[in-house]
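Coordinate-derived values only; no laboratory data. Keep in mind that what you see is a predicted model, and the values were worked out from it rather than measured. Here the Cβ is made from the backbone with ideal geometry for all residues, glycine too, and neighbour counts use every protein chain on show.
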Amino acid sequence: MSILIKNGYVIYGDNLEVIKADVYIENNEISKIGKDLNVGADYVIDAKGKVVSPGFINAHTHSPMVILRGLADDLALMEWLQNHIWPIERKLKPDHIYWGALLGVLEMIKSGTTTFVDMYFHMEEVAKAVEKAGMRAYLSYGMADLGNEEKRNTEIKETLKLLEFIENLDSPRVEFLFGPHAPYTCSPELLGWVREKADETGKKITIHISETRDEVRQIKEKYGKTPVEFLDELGFLKDDVVAAHGVWLSDKEVKILAEKGVTIVHNPASNMKLASGVMPLKKLLDAGVNVALGTDGAASNNNLDMVEEMKLTSLLHKVHDLDPTVADAGTIFKIASQNGAKALNLNAGVIKEGALADIVIFDFNKPHLRPITNVISHIVYSANGSDIETTIIDGKIVMLDREVLTVDEEKVLDKVQEIIDELR
Ligand SMILES: CSC[C@H]1O[C@@H](n2cnc3c(O)ncnc32)[C@H](O)[C@@H]1O
Ligand SMILES: [Zn+2]
């Protein structure tokens, strides 16, 4: 299978150089980039007036939570989780998760995400949805033992079951990672088990860290240390850890994260909506920490639009630091693409020869994206997810002219409505 994308403005290479060129895809790889490529292709896309961009990497979400969208707004994290979200989640069945994940994946494909990192339960259903939609994903079972040994054993069993399921699926687009929920829900024994297993299998780990002041207070009370110090002393922090949030971090913790090569995934919309706080983006970047971008779940965002998330990131840090030079468009674009790929050791997040063909095309033939003067600025500050017209993942067209080719969108919308009407 080969695809030729002609006449577009291409965001080329690690430095985001914008060039007018053709992009040739063979199998699942970008094989040639250049002017007027003279090659035959199975499929030709005319990208005149359009922008050919790397697909975005949503490095932290809970995809099935789209079914809980709008059910518990305007609350702080602990009250939101304990009194609203966890009680509804206890009612969710595998079938609900399957349709929820399909809706989440549809939303992501339609707003330019080509890879996501997920944490939830009944994750075999998410794997099936990802496989069907043609998406790329790293999937974890969210483990929480609350210090209970029996629960720990169940969580370990569930995790190993998912690992086996994904290994047997043998998909080039679906990967497993470990998902201990957070230091306040996982015992040191469980976190120790995860570290050992990650070392043994070479799989990555995702976890929530230092999201609220209350979490830091809880961990300090229990262990006499901050969350990052606690995890570090357990030997948990290495460069395979993809940690969501990192809002409340001391200078010492920032230094530890940099030294250990941990990726911190910023989720600004969720942090603002739950009033968790503002993560120290500039400090983390200046210290050399790899910062990626995520949406978190749609019950705290309330969408999965990475294009919107980029603008929110930039504006939040400018106003917080009272400095318009903070979080410039190029930095933010890299956080949403290259840095996510770096966290996952994935050969994507960039358009260059030899990279995976995970590409999206923005339609710039629209009033709010003209004149074409500064492509990266327009994407970060002027565009939104619905400006994505075409999405290519692993060399396959999964959305063309805004129609997702792999999933019956109407059926998914109906099914999810049915589920939530029944659950409520
Ligand atoms: C056990 S599966 C994952 C678990 O995480 C919950 N969750 C969703 N968003 C957040 C967040 O911002 N911080 C902590 N936990 C969160 C989700 O509802 C699932 O229960
Ligand atoms: Zn989360």
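Under 29 Å Cα to Cα from residue 48, which lysines show up? Leave out anything in the same chain fewer than 8 places away. Hits, sequence-local ones excluded: 6, 20, 32, 35, 110, 311, 334, 352, 366, 396. Once backbone amide H atoms are built at 1.01 Å from N, residue 175 has 137, 138, 139 as its partners under 5 Å, excluding neighbours fewer than 5 places away on the same chain. At full extension, residue 402 and residue 345 could sit 17.6 nm farther apart than now, given 0.36 nm per residue minus the alpha carbon distance. Extending 7 Å from the Cα toward the beta-carbon at both residue 161 and residue 275 defines two label points whose distance is 3.9 nm.
Under the simplified labelling scheme, the residue 328-residue 46 pair shows an inter-label distance of 3.7 nm, with each label point 7 Å from Cα along Cα→Cβ. Rounded to the nearest 10 degrees, the angle from helix 188-201 to the longest Cα principal axis of the chain is 40 degrees. Taking the Cα centre of the range 274-424 as the origin and placing charges on Cβ (Lys, Arg +1; Asp, Glu -1), which of 384, 312, 362 is farthest toward the positive end of the dipole? Highest projection toward the positive end goes to 312.
Placing unit charges on the Cβ atoms only, positive for Lys and Arg and negative for Asp and Glu, gives the range 344-424 a dipole magnitude near 440 debye about its Cα centre.
The magnitude of the dipole of the chain, with charges of +1 and -1 set on the Cβ of Lys/Arg and Asp/Glu and taken from the Cα centre, is near 720 debye. The fewest-to-most ranking of 317, 208, 266, 368 by surrounding Cβ atoms within 10 Å reads 368, 317, 208, 266. The HN-Hα couplings worked out from phi for the range 300-317 by the Karplus form 6.51 cos²θ - 1.76 cosθ + 1.60 (θ = phi - 60°) are 10, 10, 10, 9, 10, 8, 5, 5, 4, 4, 5, 5, 4, 4, 5, 5, 4, 6 Hz, whole numbers, x standing for Gly and Pro.
Could you work out the relative contact order of the chain? I mean the mean sequence separation of Cα pairs under 8 Å and 6+ apart, divided by the number of residues, in percent. Kindly include the intermediate steps, with their values, before the conclusion.
Details: 926 pairs, mean separation 90.2, N = 424.
Here the relative contact order equals 21 percent.
What's the local net charge at residue 224, with K and R +1, D and E -1, over the other residues with C-beta under 13 Å away? All intermediate terms of the calculation are to be shown ahead of the outcome.
Details: positive: 217, 220, 222, 225; negative: 221, 229, 233.
My count for the surroundings of residue 224 gives +1.
Rounded to the nearest whole Hz, the Karplus-based 3J(HN,Hα) values (6.51 cos²θ - 1.76 cosθ + 1.60, θ = phi - 60°) of the range 69-76 follow the sequence 3, x, 8, 8, 9, 6, 10, 7, with x at glycine and proline.
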